[in-house]
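Q: This is the structure I want to talk about, given as structure tokens.
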Amino acid sequence: MVFSKKYGSIFSIYLMGRTTMVITNPRVFPTIFKDSKLFDFRNFIEGLVQVVLNIPKAAATSKALKDANHAQYVKHLTGSSVYPLTEAFIYSLLNKINDEISHLPTRGTTIELVGFSQKVVFNASCKALFGSTCPSDIRSDVFLFDEGMHLIFANFPSFITSKYIKARERCISAFMKMLETGMQNPNALAASQDQVLIDEGFDLQTRGSSLFGLMWGLQTNSTQAAFWCLAYLLTKTTSDFRQKLFEEGKEAFKVSLTSTNTLTATPNIPLLTSAPYLSALFNETLRTTSGTLMWREVSRDTVVEDPESGRKFLARKGGLVSLPARHVHLDEGIYERADEFRPERWIESKDGTRDGKMGRIGLLPFGGGVSLCPGRFFASHEIKSFVALMLQLFDMEVLDPLPGLGLNQYGVGVMAPTGKMRVQITLKNEWKGALKA
Ligand code: HEM
């Protein structure tokens, strides 16, 4: 905000050894998204995965691999084809919650909501995508790597990055081990992505780093967003809003206890997808917590015009263009009382904005154009399921204030919380049969 007030809605900075044109006016974004050859995401990501994930150049730059992966994303992550992954996630999520609660004292217990959300969402999505032999014990290494990935990318000296690189290497080894013994009941997306790597003749190390890359994309944003959604719901919404969301969750899940006193659910995914209050919470949480920067590499000299001032700027071949989503999300001209968490705005107006006319460019946590996040539907299913199930199962009393947003991860995606946030959780009376203690 500060920069654009001073320098206008387009300005250039020198970042990581490259000239970067920063564009803050979302009305310019469609021009950038539309011409994906001129403003190229793939070139940028090729460089990133080689440095950050240690994927060899031959795999990172293989067009056949990239085309095959994209075809798989469309095939397994869009429309109703994502349902098997969502169902597997809900199944694993309930299993994990059953595990966590089976020894809870009847009067409830205190949990750290950040760690708890991370643990259950990480575990369930890992199992849903990679199957029962997924290395879910690498969770803390995945988050350690995530914390320092931007430093690895920016080529910081090894005495700063070595602990993050070591965490990454442990994760890749765990994936290689899983591949050596074979994935058990993986989702078709993980199985087919690995098959493409095998068909193209890549070795175990490359397969391990590539699947770890998929796991990183799957995990880091969703686990943070799951925490924020529940934390905001508990601290910043009205009881009327919570009640309506509770009713939606009840309808979409139909939770019950089995004859062996285990929690189970019959999810209705279309209902979950369209539920207005869950969707409003999801959108408002991503609006306020996302620090997404969309990066593109300029493939030939071109002129970009600032529509407000009419000034023209030269974007040079080889330079970067950066589009900060957060700048749009917190723009008072676009969102009324933009700095307030007010999920009702998404019920009152179609796109949550003042004039209801921004459409998709008003909310950009998932990027845009050809590289628009392919996991966005699954992410919304995971997060809504987690929130709706927690609300069905527990009475929750917040003991700490909402943590702050960790700005050191600005640019990577959903920002990490700076605290742990303790919450007293008590299983609701109707589910007490699930307690084994
Ligand atoms: C709240 C959760 C998530 C957020 C905020 C998020 C955000 C993003 C963003 C910002 C991009 C880059 C888009 C661009 O620059 O235009 C991206 C790409 C990507 N995301 Fe997500 N993501 C989330 C969840 C997921 C999940 C659950 C998966 C996997 C199932 C996933 C897989 C990917 C992949 C594979 C790409 C690269 C796409 C490409 O190469 O074109 N993401 N995501």
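Q: Simple spin-label model, 7 Å along Cα-to-Cβ: ASN429 to ARG27 in nm?
A: 5.8 nm
Q: Based on Cβ point charges of +1 for Lys and Arg and -1 for Asp and Glu, what charge dipole magnitude is obtained for the chain about its Cα centre, in debye rounded to the nearest 20? Write out the running numbers ahead of the final one.
A: Numbers: 49 positive and 42 negative charges, 111 e Å.
So the dipole magnitude of the chain works out to roughly 540 debye.
Q: In straight Cα distance, which aspartates and glutamates are under 20 Å from LYS163, not counting same-chain residues fewer than 8 positions off?
A: ASP137, ASP141, ASP146, GLU147
Q: Greater than 21 Å separation of Cα atoms is the criterion. Which listed pairs, LYS34/LYS317; LYS96/LYS432; LYS96/LYS254; LYS66/LYS317, meet it?
A: LYS66/LYS317
Q: Along its three principal axes, how long is the chain when you only count alpha carbons? Whole Å, largest extent first please.
A: Rounded to whole Å, the extents work out to 67, 53, 42 Å.
Q: List the trypsin sites (Lys or Arg not before Pro) within the range 357-407 that fall in a DSSP loop (any state other than H, G, I, E or B) and whose Cβ has at most 16 other Cβ atoms within 10 Å.
A: On the way: sites: LYS357, ARG360, ARG376, LYS384; in loops: LYS357.
Hits after loop and neighbour filter: LYS357.
Q: If I histogram all Cα-Cα distances within the range 139-217 using bins 5 Å wide from 0, what percent of pairs lands in each bin?
A: Answer for the range 139-217: a P(r) of 3, 15, 24, 21, 16, 11, 6, 2, 0 percent.
Q: Hey, rough spin-label estimate for SER274 and LEU204, points 7 angstrom out along Cα→Cβ, what's it come to in nanometres?
A: If labels sit at SER274 and LEU204, their model points lie 4.9 nm apart.
Q: Reachable lysines from LYS166, Cα under 24 Å, same-chain residues fewer than 8 places away excluded?
A: Leaving aside lysines fewer than 8 places away in the same chain, those within reach of LYS166 are LYS57, LYS119, LYS127, LYS177.
Q: Now a separate question. I'd like the FRET efficiency for THR78 and THR418, computed as 1/(1 + (r/R0)^6) with the beta carbon distance as r and R0 of 25 Å, rounded to 0.05.
A: Efficiency for this residue pair is about 0.10.
Q: Still on this model: Kindly provide the GluC sites (Glu not before Pro) of the range 209-295 that DSSP labels as loop, not H, G, I, E or B, and whose Cβ sees at most 15 other Cβ atoms within 10 Å.
A: In loop regions of the range 209-295 (DSSP not H, G, I, E or B), there are no sparsely surrounded GluC sites (Glu not before Pro).
Q: Still on this model: Distance in nm between label sites at GLU87 and LEU372, each 7 Å beyond Cα in the beta-carbon direction?
A: 2.7 nm
Q: Identify which of ALA174, ALA60, ALA154 has the largest mean-square fluctuation in a Gaussian network model of the chain, with springs joining Cα atoms closer than 10 Å.
A: Residue with maximal mean-square fluctuation among ALA174, ALA60, ALA154: ALA154.
Q: On to the next question. Pull up the cross-link candidates among the aspartates and glutamates for LYS312, meaning alpha carbon to alpha carbon under 16 Å and not fewer than 8 places away within one chain.
A: ASP301
Q: Taking the Cα centre as origin and putting +1 on Lys and Arg beta-carbons and -1 on Asp and Glu beta-carbons, what dipole magnitude results for the range 28-90, to the nearest 20 debye?
A: Result for the range 28-90 is approximately 180 debye, rounded to the nearest 20.
Q: Same structure again: Enumerate by residue number the trypsin sites (Lys or Arg not before Pro) in the range 267-341 meeting two conditions: DSSP loop (anything except H, G, I, E, B), and at most 14 other Cβ atoms within 10 Å of the site's Cβ.
A: Of the trypsin sites (Lys or Arg not before Pro), the ones in loops of the range 267-341 whose Cβ has at most 14 other Cβ atoms within 10 Å are ARG300, ARG311, ARG316, LYS317, ARG337.
Q: Restricting to the chain, what percent of DSSP beta bridges are antiparallel, rounded to 5?
A: 90 percent
Q: Positive end of the dipole of the chain, charges at C-beta (+1 Lys, Arg; -1 Asp, Glu), about the Cα centre: which of ILE90, GLY208, PRO276 has its Cα farthest in that direction?
A: Toward the positive end, the furthest listed residue is GLY208.
None of the figures in this text is laboratory data; all of them are computed from the coordinates on show. None of the values given here were measured: they were computed from a predicted structure. Neighbour counts run over all protein chains shown; Cβ positions are idealised from the backbone, glycine included.
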